[in-house]
Amino acid sequence: MGLEDKLSELKARVTELSTLGEVMALLNWDQACYMPPGASEDRARQMAALGALIHDKATAPEMGQLVEDLAAELGDLNADTLEAREVYLAKERFEKTAKVPRELALEIIAAEARGHDTWVKAKRENDFAVFAPDLKRIFDLAKARAEYFKPYDHVYDVLLDDYERGMKTAEVQAVFNWLKPRQTELVRRILQAPQPDDSFLERDYDLEGQRKVGEYAVRKMGYDLNEGRIDRSDHPFTTSIGRGDVRFTMRYLPSVRSSLMAHMHEGGHALHSQGLNPEWRGMYLRRGPSSGIAESQSRLWENLVGRSREFWAFFMPVMQATFPEHLASVSAEQMYRGLNRVENSLIRIEADEATYNLHVMLRMELEIALLEGNLETRDLPEAWNEKMRANLGLTPPTDSLGVLQDMHWSSGLIGYFPTYSLGNLYASQFWNQLLKEQPGIPDQVARGEFGNILEWMREKVHRVGTRYDPQVILERATGERLNPKYYMDYLTEKYTEIYGL
Ligand code: ZN
């Protein structure tokens with residue numbers, strides 16, 4: 001077989017894997033949105049069967065041989081060509097899956113399924129002990145899996161790399177160590193100033209009205225509902241079921257505080273997926289490069305656009321027309337200040353921009369302590385509460401509101417949390433560059449025009465797919481690798497003005 005034939009065979013195999021992945025995504029989406037509760041056992045069986053099929057195809061010896069042959073024939077996989085990159089990604093994916101013995105891989109899947117169940121129960125009953133043995137097992141298995149990827153500088157590198165290709169633990173720690181005292185100090189100063197009123201956000205807002213304004217906002221951003229849809233689930237998420245089918249889900253509460261921002265957040269993820277290069281269909285190149293880059297796209301729309309003064313100049317009349325009884329007497333300026341109110345809080349997903357990263361740092365520090373063996377799982381609640389007191393000055397009244405609040409660890413997502421903060425930092429760095437190139441953007445936002453933002457993101461991020469590693473994408477777009485200064489400058493400027501610091 002010649003090189004061309006081998007490349008087409010790789011494409012056929014990757015296409016098949018993506019197709020099966022899309023079927024899995026559809027099963028997942030249906031489970032979250034529409035499946036009757038009685039179907040859960042059957043659905044688990046269907047998903048396990050499909051998961052095993054995907055695993056076997058991804059680790060088939062023929063796939064390994066093909067990737068080896070292609071790598072040998074191409075020689076330099078770091079060459080700046082599409083073929084070299086695609087083979088590099090295929091080789092990396094194959095090795096990540098095939099290096100782990102099948103038995104261990106299946107053990108991990110079983111531990112996570114069990115862990116998720118006991119976590120749900122433990123959180124509901126506020127009883128950490130119910131979850132502790134499974135949590136210990138999940139961390140032990142993660143450590144065992146990392147052994148197959150030696151040598152590494154730090155065991156956490158192996159886990160982090162699954163979500164943020166090429167990023168090192170030491171690099172994230174250096175960024176966080178720079179950020180933490182500065183963010184803490186900013187929050188301390190903010191909390192000494194008088195708080196803006198945000199009581200109008202807490203009134204009983206009609207859910208259909210919330211759905212309508214949310215859909216209007218994401219349509220304006222450029223989300224194409226001809227190739228997507230919005231449904232309801234307990235936890236909002238975005239999923240790609242095919243090239244022309246990028247859906248997201250929402251949850252509505254009587255308070256309007258979160259739903260519009262959640263629409264813009266998931267809408268940002270959906271725009272990223274809808275903007276991937278269609279010519280790379282069936283290739284690893286046509287995937288999101290990392291969780292951090294994915295999160296930069298959602299945070300950019302949610303925070304840098306959606307929580308900006310300019311956005312509310314445009315959007316307040318829309319909100320007032322939909323909710324006249326609640327908002328007729330509230331000004332755009334009051335809305336802007338209310339939505340940007342800062343406070344120390346217990347729950348990460350409800351945290352404001354100024355405190356959010358502090359929640360993430362705490363989780364990363366605990367993950368590392370557990371993996372290094374400096375912390376035992378049974379002592380985790382106490383360690384959690386201690387860090388909450390140190391970082392945010394609060395003691396969780398219960399473990400459900402503390403160490404049990406996130407589902408990530410129960411599903412084996414260890415090393416994932418930092419990517420949320422990286423997303424915040426990347427978003428500010430992209431935004432800074434965009435404004436430098438196009439200073440008219442804020443005026444456009446105030447008129448409800450988002451086309452130039454989307455077009456810039458399409459060119460610099462969406463269409464790039466996984467053509468480059470996250471740091472290279474950042475460097476090509478902004479001229480430098482990750483620099484936390486842009487985020488800190490953004491926060492400082494924004495809150496100094498709002499709180500009159
Ligand atoms: Zn997100």
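The values are calculated or read from the model by the stated rules, or taken from the named source; none is laboratory data. A quick note: this is a predicted structure, and the numbers were derived from the prediction, not measured. In this analysis, Cβ positions are derived from the backbone assuming ideal geometry, glycine residues included, and neighbour counts consider all displayed protein chains.
Scan the stretch 294-308 and report the pairs whose first residue is touching a residue at least 60 places away in the same chain (Cβ under 8 Å) and whose second residue is more than 10 Å from the ligand (Cβ to nearest atom) and charged (D, E, K, R), with Cβ atoms within less than 8 Å and a gap of 6+ or a chain change.
Asn303/Glu353
Looking at (1) of a type in the set (Asp, Glu); (2) farther than 27 Å from Thr169 by Cβ; (3) touching a residue at least 12 places away in the same chain (Cβ under 8 Å); (4) away from the ligand (no atom under 16 Å from the Cβ), which one does Glu367 not meet, given that it meets all the others?
For Glu367, the failing item is (2).
Pick from the stretch 247-266 the residues that are within 14 Å of the ligand (Cβ to nearest atom) and assigned to a strand (DSSP E or B): which of them is nearest to Gly228 (Cα to Cα)?
Here the answer is Phe248.
Tell me, yes or no, whether the stretch 335-348 has at least one residue that is within 16 Å of the ligand (Cβ to nearest atom) and within 16 Å of the chain's Cα centre (by Cα).
Within the stretch 335-348, one or more residues are within 16 Å of the ligand (Cβ to nearest atom) and within 16 Å of the chain's Cα centre (by Cα).
Checking Arg286 against (1) among the charged types (D, E, K, R); (2) in contact with a Phe, Trp or Tyr (Cβ under 9 Å, 6 or more places away or on another chain); (3) within 16 Å of the ligand (Cβ to nearest atom): exactly one of these is not met. Which one?
Against the list (1) among the charged types (D, E, K, R); (2) in contact with a Phe, Trp or Tyr (Cβ under 9 Å, 6 or more places away or on another chain); (3) within 16 Å of the ligand (Cβ to nearest atom), Arg286 comes up short only on (3).
Among the residues of the stretch 302-318, is any away from the ligand (no atom under 16 Å from the Cβ), part of a helix (DSSP H, G or I), at pLDDT 95 or above and surrounded by fewer than 18 Cβ atoms within 10 Å (Cβ to Cβ)?
Yes, the stretch 302-318 has at least one match.
What number of residues within the stretch 388-427 satisfy the criterion of being out of contact with any Ser or Thr (no Cβ under 6 Å at 6 or more places or on another chain), surrounded by fewer than 19 Cβ atoms within 10 Å (Cβ to Cβ) and over 19 Å from Phe131 (Cα atoms)?
Qualifying residue count, the stretch 388-427: 4.
Would you check if there is a residue in the stretch 428-447 being within 23 Å of Asn344 (Cα to Cα) and crowded, with 16+ Cβ neighbours inside 10 Å?
Within the stretch 428-447, one or more residues are within 23 Å of Asn344 (Cα to Cα) and crowded, with 16+ Cβ neighbours inside 10 Å.
Would you mind stating whether His326 is away from the ligand (no atom under 15 Å from the Cβ), in contact (Cβ under 8 Å) with a residue 40 or more places away in the chain, touching a helix residue (DSSP H, G or I) at 6+ places or on another chain (Cβ under 9 Å) and assigned to a helix (DSSP H, G or I)?
yes
With the structure loaded, tell me whether Asn391 is more than 16 Å from the ligand (Cβ to nearest atom), part of a helix (DSSP H, G or I), under 25 Å from Lys494 (Cα atoms) and modelled with pLDDT under 95 or whether it fails that test.
Details: more than 16 Å from the ligand (Cβ to nearest atom): yes; part of a helix (DSSP H, G or I): yes; under 25 Å from Lys494 (Cα atoms): yes; modelled with pLDDT under 95: yes.
In short, yes.
Is there a residue being without any contact (Cβ under 8 Å) to a residue 60 or more places away in the chain and of a type outside the set (D, E, K, R) anywhere in the stretch 182-191?
The answer is no, given that none of the residues of the stretch 182-191 is without any contact (Cβ under 8 Å) to a residue 60 or more places away in the chain and of a type outside the set (D, E, K, R).
For residues that are surrounded by 15 or more Cβ atoms within 10 Å (Cβ to Cβ), farther than 16 Å from Leu371 by Cα and of a type in the set (Phe, Trp, Tyr), tally how many sit in the stretch 147-192.
2
Only one of these conditions is not met by Phe450: (1) under 22 Å from Ile347 (Cβ atoms); (2) touching a helix residue (DSSP H, G or I) at 6+ places or on another chain (Cβ under 6 Å). Which number is it?
Condition (1) is where Phe450 drops out.
Name every residue in the stretch 1-16 that is surrounded by fewer than 16 Cβ atoms within 10 Å (Cβ to Cβ) and in contact with a helix residue (DSSP H, G or I) (Cβ under 8 Å, 6 or more places away or on another chain), in order of residue number.
Matches in the stretch 1-16: Met1, Leu3, Glu16.
Cβ contacts < 8 Å: first residue under 16 Å from Leu141 (Cβ atoms), restricted to the stretch 409-425; second residue more than 14 Å from the ligand (Cβ to nearest atom) and of a type in the set (Gly, Ala, Ser), any location; separation 6+ or different chain. Result?
Trp409/Gly115; Ser410/Gly115; Ser411/Gly115; Gly412/Ala111; Gly412/Gly115; Gly412/Ala142; Ile414/Ala142
In this structure, does Leu271 turn out to be away from the ligand (no atom under 13 Å from the Cβ) and not polar (S, T, N, Q)? Talk me through it step by step, then tell me what you get.
On the way: away from the ligand (no atom under 13 Å from the Cβ): no; not polar (S, T, N, Q): yes.
For Leu271, the condition - away from the ligand (no atom under 13 Å from the Cβ) and not polar (S, T, N, Q) - is not met.
For the stretch 299-326, enumerate the residues that are more than 16 Å from Arg337 (Cβ to Cβ) and small (Gly, Ala, Ser).
Correct list: Ala321 only.
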